[in-house]
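Working notes, beginning with the structure itself.
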Amino acid sequence: MEVITKINEVQERVLSTKDSRKSIGFVPTMGALHDGHISLMRSARNENDELIVSIYLNPTQFDNNDDFDNYPCQLNKDIEIAGKENVDVVFAPCTEEMYPDGFCTYVTQDKLLDTLCGRVRPGHFDGVTTIVAKLFNIIKPDRAYFGQKDYQQSAVIKRLVADLNMNIDIKVCPTVREEDGLALSSRNIRLNPEERQSALCIYGSLLKARAMFDSNIRDTKNIIKEMTSVIKKTKHTKIDYISIVNERTLEELSLIDGKALAAVAVWIGNTRLIDNIILE
Ligand code: AMP
């Protein structure tokens with residue numbers, strides 16, 4: 001496995017891969033790798049000749065300095081994990097490499113952002129679309145892999161490649177969970193044992209939504225009220241949002257008619273966690 005930190009070096013490697021007509025699978029990450037990231041790597045490994053993983057903590061997608069400063073960072077351990085997953089190239093640039101002096105071009109979207117995380121984290125998705133567009137231009141993957149846990153992110157990325165005519169197949173892989181249901185997240189490390197216990201209410205609220213949906217309740221106000229009560233009765237929690245939206249347009253629904261996405265963002269102590277499930 002090669003670990004590359006310079007853009008021109010990874011571009012050279014990509015050129016030679018393309019010359020030999022090999023396909024490239026790409027998994028962009030911010031590091032602190034866990035089994036969720038590993039599941040994306042395994043899908044990409046299976047479906048492509050060459051697997052490139054990027055590890056880059058992108059400052060422009062953080063709307064909260066504390067979150068950025070406290071984001072876990074473990075590059076050596078991440079490189080070891082990638083090695084075990086038969087990754088061909090880890091691309092781990094520094095910020096001077098990705099945003100050199102004079103950088104001033106951003107990719108922004110004007111749809112899909114007035115709900116869910118887009119509404120409560122202003123600027124976040126501009127950072128995501130900008131860094132992902134840059135990484136796609138550098139790596140030129142055939143397929144790129146994202147997790148369902150960040151559902152809105154994958155919707156935004158699908159729109160990005162369609163709108164900018166990038167010929168990249170966006171694959172969305174299922175959310176990997178702990179045995180007790182908590183979605184894996186790099187931020188889970190920050191939870192103390194009591195908060196870790198409280199965090200279970202997130203998936204609990206989604207299961208409540210599914211149970212109500214399964215018993216033919218379609219009125220989202222009703223469902224959200226019950227989800228809210230699951231979270232509110234749990235210690236150390238503060239709700240950021242609970243929404244039920246159209247799974248494609250991400251528009252808020254008052255009545256579920258077809259496929260919907262139930263999504264929540266909750267502060268557990270000082271850590272903000274998100275999760276979602278599809279109701280169908
Ligand atoms: P991050 O490093 O948090 O930016 O995540 C990198 C990629 O891993 C994103 O596409 C995430 O959606 C995905 N991911 C994060 N957590 C999980 C999880 N629990 N299951 C599946 N994919 C995940």
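Filtered by the rule that a residue be more than 10 Å from the ligand (Cβ to nearest atom) and aliphatic (A, V, I, L, M), region 133-156 gives 133, 135, 138, 139, 155, 156. Restricting attention to region 64-101, the residues that are farther than 20 Å from residue 13 by Cβ and not in a loop (DSSP other than H, G, I, E, B) add up to 12.
May I ask you to list the residues in region 10-19 that are surrounded by fewer than 18 Cβ atoms within 10 Å (Cβ to Cβ) and among the hydroxyl-bearing types (Ser, Thr, Tyr)? Show your work before the answer.
Filtering region 10-19 for residues surrounded by fewer than 18 Cβ atoms within 10 Å (Cβ to Cβ) gives 11-12, 15-16, 18-19.
The answer is 16, and nothing else.
For residue 70, indicate whether it is touching a helix residue (DSSP H, G or I) at 6+ places or on another chain (Cβ under 9 Å) and more than 18 Å from residue 176 (Cβ to Cβ). Taking the combined requirement at face value, the residue satisfies it. Residues that are near the ligand (Cβ under 9 Å from one of its atoms) and not in a strand (DSSP E or B) within region 166-177 comprise 174, 175, 176, listed in sequence order.
If residue 234 passes every condition in (1) assigned to a loop (DSSP other than H, G, I, E, B); (2) away from the ligand (no atom under 13 Å from the Cβ); (3) closer than 22 Å to residue 37 by Cβ but one, which one does it miss? The single condition residue 234 does not satisfy is (3).
Which residues, taken from region 20-30, are surrounded by fewer than 21 Cβ atoms within 10 Å (Cβ to Cβ) and either closer than 14 Å to residue 168 by Cα or within 11 Å of the ligand (Cβ to nearest atom) (or both)?
Step one: list which residues in region 20-30 are surrounded by fewer than 21 Cβ atoms within 10 Å (Cβ to Cβ), which gives 20-23, 30.
Passing the criteria: 23, 30.
Scanning region 126-165 for residues that are over 23 Å from residue 247 (Cα atoms) and either among the aliphatic types (A, V, I, L, M) or part of a helix (DSSP H, G or I) (or both) returns 130, 131, 133, 134, 135, 136, 137, 138, 139.
The rows are residues; the columns are (1) of a type outside the set (Val, Ile, Thr); (2) surrounded by 21 or more Cβ atoms within 10 Å (Cβ to Cβ); (3) farther than 20 Å from residue 43 by Cα; (4) within 13 Å of the chain's Cα centre (by Cα).
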site	(1), (2), (3), (4)
135	yes, yes, no, no
144	yes, yes, no, yes
151	yes, yes, no, yes
155	yes, yes, no, yes
165	yes, no, yes, no
172	no, no, no, yes
176	no, no, no, yes
196	yes, no, yes, no
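Every number here is computed from the coordinates shown, using simple stated rules; none is lab data. Source: prediction; values computed, not measured. With ideal geometry, Cβ positions are generated from the backbone for all residues, glycine too; neighbour counts draw on all protein chains shown.
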